[in-house]
1. Relative contact order of the chain, please, whole-number percent, based on alpha carbon pairs below 8 angstrom and at least 6 residues apart.
2. Would you mind giving the average projected area, over all directions, of the Cα convex hull of the chain in nm² with one decimal?
3. Within straight cross-link reach of Lys303, meaning Cα distance under 13 Å, which aspartates and glutamates are found once same-chain residues fewer than 8 apart are removed?
4. Any of Lys124/Lys465; Lys70/Lys423; Lys316/Lys465; Lys32/Lys223; Lys231/Lys316; Lys77/Lys124 with alpha carbons more than 26 Å apart? Name them for me.
5. Setting aside same-chain residues fewer than 8 positions from Lys84, which aspartates and glutamates have a Cα under 13 Å from its Cα?
6. Scanning the chain for helices, which whole DSSP H stretches are 27 Å or more long along the axis (Cα) and average 0.5 or more by Kyte-Doolittle?
7. Hull surface divided by four, with the convex hull built on the Cα atoms of segment 313-450: how many nm²?
8. Got a sec? Charge dipole of the chain, +1 on Cβ for Lys and Arg, -1 for Asp and Glu; which of Ile8, Leu219, Gly174 is way out at the positive end?
Amino acid sequence: MFDSQRKIYKTVADIPGPRSLPVFGTRWIYWKFGLYKLNAVHLAYKDMFNRYGDIICEEALWNIPIISVKDRDFIEKVLRDSGKYPIRPPNEVTANYRKSRPDRYTNTGLVNEQGEVWAMLRNKLTPELTSPRTIQRFLPEVNQLADDFINLISQARDSNNVVEKFESYCNRMGLESTCTLILGRRFGFLDGEVSETATRLADSVTSQFRASQEAFYGLPLWKLIPTKAYKEFVASEDALYEQVQLVDKLKIYDSNKRFKLFEFSIVSEIVDTALIDEEQSCTDVRSVFVSILQVSELDNRDKKAAIIDYIAAGIKTLGNTLVFLLYLVAKHPDVQEKIYNEISLLAPAGTSITAEHLHRATYLHACISEAHRLLPTAPCIARVLESEVEYDNYRLPSGTVVLLHTGLACLENKNFIDATSYKPERWLDDLTKKSPFLVAPFGCGKRMCPGKRFIELELQIVLAKMVKQFHINFEGQLKTEFEFLLTPSNANFILRDRNC
């Protein structure tokens, strides 16, 4: 018996959600004859929150509960109270595969590891990538990358100024810029003709994301037998691994302080170009690559895995986000003109965009922040509770897996006025309640994506230069799919030169 003063809490078992099956949990809802489509998981969660309320319980294989929440206060509490080693649920299919290949991997990688191993990898692998100084030195190269991207899409237009499947060009931008930052040289993925290398890399990354999603949300038989989805994942992981090869011995400076004998390659056809030449490589950003390889405490397998993961993540993260940003700007001509006026005043025609220009481009920043809020490519943050948490009369024990639906929370009018409208001006208003835990497309805290500064810099410069060059239009509504990230589909942009 409880006395009248004692609060009675509900348990995880009381949380509403889809009907659970023995062993298989609720994953049946994504099966062929289930309630939802596997490529529309983002829409499934929107519907489930409408059906069951602000807290939902799903169950993975062996009926392990996974709790979804979109409440702002809960999201902020979980992320703010993270401890020394925040626990992020691993991508099980990646972790399982890498554990099965000790010849290639000593651990499951920066994204999937936990505790002291994760902290060690973070401290050894990310300092150069997350350094503001590195990003500052990369600025001239980003200007050139943006110019080459604009030239590429200009040539890709048809007679009506339409660029079909615009997302494929943005993925090429993601590939070229990520390789340039990480490996320190250009590879020609923004040239007019699509190279077989670029196609294979992009296809491998897409296959990896899709297979990861199917293995996670679909029928989880891959844990028992090698299913088609698992085999596809292994094939994509193998392709990415084989496309990044490192020489075991690093011989650095000759008498001219030139990096003499360090080889890297992305597939065999570019091995011959991989000898670093000071006049052809981006010497200012080469330190990202070299800093990883000079860490004496790490096995070469860890270094190789880190480079693979950085390149794979950069392609889709930048590519998807760039499409979403340009789509929102295209659908709001008034916003587009404000960007044009601001950038034209700060950096007149023929002027490279500098750090000072970007610092003063407050409206440009607001447009990007609003795009992150409205169409984040990563609309959810996953965590494992490090201590017991109470929410809405439920008591969630330590060790519970929670999905924090920041993307859906950002569409709630109680969190943002007129939440479903694209209004960059809200980010210029000091009275607007902002939350680094709610608008967090790159995660937050110690588990934040290490490439955040790099992606933000690229978005700023590409958006500024695109608006200076084109009137950007988009007919109809952008279609999206879920491939472990929110991904645009068949995006056809209309780009008319401003001097026409």
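Just so it is clear, none of the values below were taken in a lab; they were calculated from the coordinates. Remember, it's a predicted structure, so these values are computed and weren't measured experimentally. A quick note on method: Cβ atoms are made from the backbone with ideal geometry, for glycine too, and the neighbour counts reach across all protein chains shown.
1. Computed over the chain, the figure is 22 percent.
2. 26.4
3. Correct list for Lys303: Asp248.
4. Going by Cα-Cα distance, Lys124/Lys465; Lys77/Lys124 fall outside the 26 Å limit.
5. Glu116, Glu386
6. 300-330
7. 10.5
8. Highest projection toward the positive end goes to Ile8.
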